[in-house]
Structures are given as structure tokens and as C-alpha cells.
Amino acid sequence: LKHSRLLPITGLLLGMLVWLANNGNPPTGKSAAPFDGNCNDCHSGGTFNGNITVTGFPAAADPGVTYDINVKMTVTAGSPTKAGFQLVVVDANNGNCGDLKEAVPDLGTEFFATREYVEHRNGKNFAGGMVSWDFQWVAPAFVPGNTVKAYYIVNMVNNNGGSGGDNPV
């Protein structure tokens with residue numbers, strides 16, 4: 001990025017509605033990104049469905065600026081009890097891109113294979129058929145390929161303590 005203060009972002013936010021296992025701290029590297037696994041590795045058999053929205057990523061980012069990000073899950077079928085999520089932000093080479101900061105104590109960040117992930121700590125109970133998480137992303141000074149991709153996954157569960165009854169959408 002030469003002589004520019006804006007970092008273009010492709011807006012490619014790839015998401016899947018699949019289900020995370022560990023309530024307190026999900027296994028890192030299960031974001032459903034092409035280089036990761038997903039929650040299907042442990043969860044299946046449910047009948048839940050929903051819509052996920054991720055907001056706050058800019059169309060073009062200023063280096064070093066902190067952006068408020070929101071991940072929201074709205075139930076469209078079934079009656080899940082809790083939900084969890086995981087998100088990773090990478091550049092065009094699938095390298096870590098920027099810094100993720102948890103804004104509240106029910107989230108945490110971890111590094112896995114040189115990439116930083118933000119994820120739930122203790123899944124959230126649904127309220128009014130909806131659950132959401134807020135955190136921050138700090139744009140890096142330079143982005144290889146001028147491309148930023150966020151991969152994320154949300155897991156709706158029946159909270160029975162096992163992996164049955166939790167399904168991908």
C-alpha cells in the first residue's frame with residue numbers, strides 16, 4: 001500500500017452457521033475458514049436454524065484505527081438454549097490481520113497457528129430469540145494484497161452437555 005492512508009477491504013465476510021462445542025472456551029482454529037476446522041467436528045443432530053450478521057467492518061480501513069464489531073445470531077427455527085462463536089481476520093495470504101480486542105468479559109482472544117481469534121467464554125443464553133457479542137478490531141498498518149477477510153462461525157446448542165442436538169445450518 002503506497003502513499004495511502006486507507007486500506008481497502010473486500011468486504012468478504014464468509015460465515016457459516018455451525019455449532020461450537022466448549023461452553024467455557026471453544027477449541028481455537030474452528031472458525032470454518034479454509035485453513036481451519038469447524039464445529040461439525042463435534043456437534044451435530046439439531047434442528048435449529050438462524051441468521052447471522054456481522055457489522056462494523058469498514059469498506060476501507062484507516063491503519064491503526066479501532067473499529068467496533070458486532071456478531072449477532074437471530075433464531076429462525078427451533079428453540080436453542082445457548083450460542084457461542086469464533087472469528088478470525090486474515091489478509092490475502094491468510095496471515096493474521098490486525099488485532100482483535102474483547103470488549104467484555106464474556107469474550108476472549110487466543111492465537112493459533114500465528115492467527116488471532118476472538119471467541120465466546122461461557123456461551124450466551126438466547127433472549128428474545130437473539131444473542132450478540134461486541135468486540136473490537138484494530139486495523140493493521142499494512143495489509144498484504146489490500147484484502148481483509150473475516151471468517152466466523154456461530155453455534156446454537158440445546159445445552160444438554162453433549163454434542164447431540166447441536167447442528168450446522
Take the residues of segment 96-105 that are farther than 19 Å from ALA141 by Cβ and out of contact with any Gly (no Cβ under 9 Å at 6 or more places or on another chain): which is most open to solvent (accessible area, probe 1.4 Å)?
PRO105
Expected output for segment 53-64 (first residue aromatic (Phe, Trp, Tyr), partner assigned to a loop (DSSP other than H, G, I, E, B), Cβ below 7 Å, 6+ apart or cross-chain) is PHE57/ILE9
Every pair of residues 6+ apart whose Cβ atoms lie under 9 Å, when the first sits in segment 140-152 and is free of Cβ contacts under 8 Å to residues at least 24 places away in the same chain while the second is open to solvent by 30 Å² or more (accessible area, probe 1.4 Å) and among the hydrophobic types (A, V, I, L, M, F, W, C):
none
Residues of segment 54-69 that turn out to be acidic (Asp, Glu) and in a loop (DSSP other than H, G, I, E, B), as a count:
1
Only one of these is open to solvent by less than 60 Å² (accessible area, probe 1.4 Å) and modelled with pLDDT under 85: VAL18, VAL54. Name it.
VAL18
Consider PHE112 against the criteria (1) more than 25 Å from PRO34 (Cα to Cα); (2) open to solvent by 60 Å² or more (accessible area, probe 1.4 Å): it satisfies all of them except one. Which criterion is unmet?
(1)
Residue count, segment 132-161, condition open to solvent by less than 20 Å² (accessible area, probe 1.4 Å) and farther than 17 Å from ASN25 by Cα, comes to 6
If you scan segment 57-76, which residues turn out to be of a type in the set (A, V, I, L, M, F, W, C), surrounded by fewer than 14 Cβ atoms within 10 Å (Cβ to Cβ) and within 7 Å of ALA139 (Cα to Cα)?
VAL65
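The values are calculated or read from the model by the stated rules, or taken from the named source; none is laboratory data. These numbers were taken from a predicted model, which means no experiment stands behind them. When we count neighbours, we look across all protein chains shown, and the Cβ atoms used for this are built from the backbone with ideal geometry, even at glycine. Areas reflect the complete protein model, heavy atoms only, side chains present, ligands, DNA and RNA absent. Shrake-Rupley method; radii C 1.70, N 1.55, O 1.52, S 1.80 Å.
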